[in-house]
């Protein structure tokens, strides 16, 4: 249910869009339905959409948004069985990391099928779908120990955003994990997936209250929520 500030926010959308675009760093933005998540009562008001649209002039709690989550490198350093919501979302029945496009399992919507491994022996080239572990590490890794696979790189699939795609995928996985791991994180896992899927397609935008955020802005938003 929208708060009064969200309901009356539409006349301010163009101005907010201008400020987000003009500033090098996007202000933290979360769609209004996130307020249905019970834990959001603990989130700093200035890190929610209603807080941003009201210009942060409020008696609500204020805070530093970069303290709300942990970076991809933190989760990349954990063993997969230690990931938040691991068995529900990210591991198969043998404890191996799922393909990125198949995870997370507990949500009604999956990640967009946007990434692949490119493997070459110098003569032949082979492509495989990327795993969640690949995305966190930023390189294709072996599922048995997480070490990099020689002569392999991650690639964005055709039709997807090749400029921001790989970093966006890495940040989105971390944001999803933060949603389950950090009590004050102001976005749900389902919302993270929706934001990623909307902008990973080349030219795609995410449209909370008419802001039409592009891939670079969603990426900067995710990065603004961790050190």
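Being within 11 Å of residue 136 (Cα to Cα) and either touching a strand residue (DSSP E or B) at 6+ places or on another chain (Cβ under 8 Å) or in a loop (DSSP other than H, G, I, E, B) (or both) is the filter here; which residues of the range 155-170 pass it? Working first, answer last.
Filtering the range 155-170 down to residues within 11 Å of residue 136 (Cα to Cα) leaves 166-170.
The answer is 166, 169.
Of the residues making up the range 107-125, those that are farther than 16 Å from residue 177 by Cα, surrounded by fewer than 20 Cβ atoms within 10 Å (Cβ to Cβ), at pLDDT 95 or above and touching a helix residue (DSSP H, G or I) at 6+ places or on another chain (Cβ under 8 Å) are 113, 117.
If only one of 192, 173, 187, 218 is crowded, with 24+ Cβ neighbours inside 10 Å and part of a loop (DSSP other than H, G, I, E, B), which one is it?
Checking each option against the conditions leaves just 187.
Looking at the range 62-82, is at least one residue within 19 Å of residue 190 (Cβ to Cβ), surrounded by fewer than 14 Cβ atoms within 10 Å (Cβ to Cβ) and either free of Cβ contacts under 8 Å to residues at least 24 places away in the same chain or touching a strand residue (DSSP E or B) at 6+ places or on another chain (Cβ under 8 Å) (or both)? For the range 62-82, residues within 19 Å of residue 190 (Cβ to Cβ), surrounded by fewer than 14 Cβ atoms within 10 Å (Cβ to Cβ) and either free of Cβ contacts under 8 Å to residues at least 24 places away in the same chain or touching a strand residue (DSSP E or B) at 6+ places or on another chain (Cβ under 8 Å) (or both): absent.
What helices (runs of 4 or more DSSP H) lie completely within the range 48-106 and have 2 or more residues being under 18 Å from residue 168 (Cα atoms) and at pLDDT 85 or above?
Result: 72-76.
Please verify whether residue 139 is surrounded by fewer than 19 Cβ atoms within 10 Å (Cβ to Cβ), part of a loop (DSSP other than H, G, I, E, B) and touching a strand residue (DSSP E or B) at 6+ places or on another chain (Cβ under 6 Å), treating the condition exactly as stated. In short, yes. If you go through the range 136-164, how many residues are within 19 Å of the chain's Cα centre (by Cα) and in contact (Cβ under 8 Å) with a residue 60 or more places away in the chain? Result for the range 136-164: 3.
Taking the condition modelled with pLDDT of 95 or more, under 22 Å from residue 98 (Cβ atoms) and in contact with a strand residue (DSSP E or B) (Cβ under 6 Å, 6 or more places away or on another chain), does residue 200 pass?
Working: modelled with pLDDT of 95 or more: yes; under 22 Å from residue 98 (Cβ atoms): yes; in contact with a strand residue (DSSP E or B) (Cβ under 6 Å, 6 or more places away or on another chain): yes.
Criteria met by residue 200.
Among the numbered conditions (1) out of contact with any helix residue (DSSP H, G or I) (no Cβ under 7 Å at 6 or more places or on another chain); (2) touching a residue at least 12 places away in the same chain (Cβ under 8 Å); (3) surrounded by 13 or more Cβ atoms within 10 Å (Cβ to Cβ); (4) part of a loop (DSSP other than H, G, I, E, B), the only one that residue 128 does not meet is (4).
The values are calculated or read from the model by the stated rules, or taken from the named source; none is laboratory data. Source: prediction; values computed, not measured. Cβ: placed from backbone, ideal geometry, glycine included. Neighbour counts: every protein chain shown.
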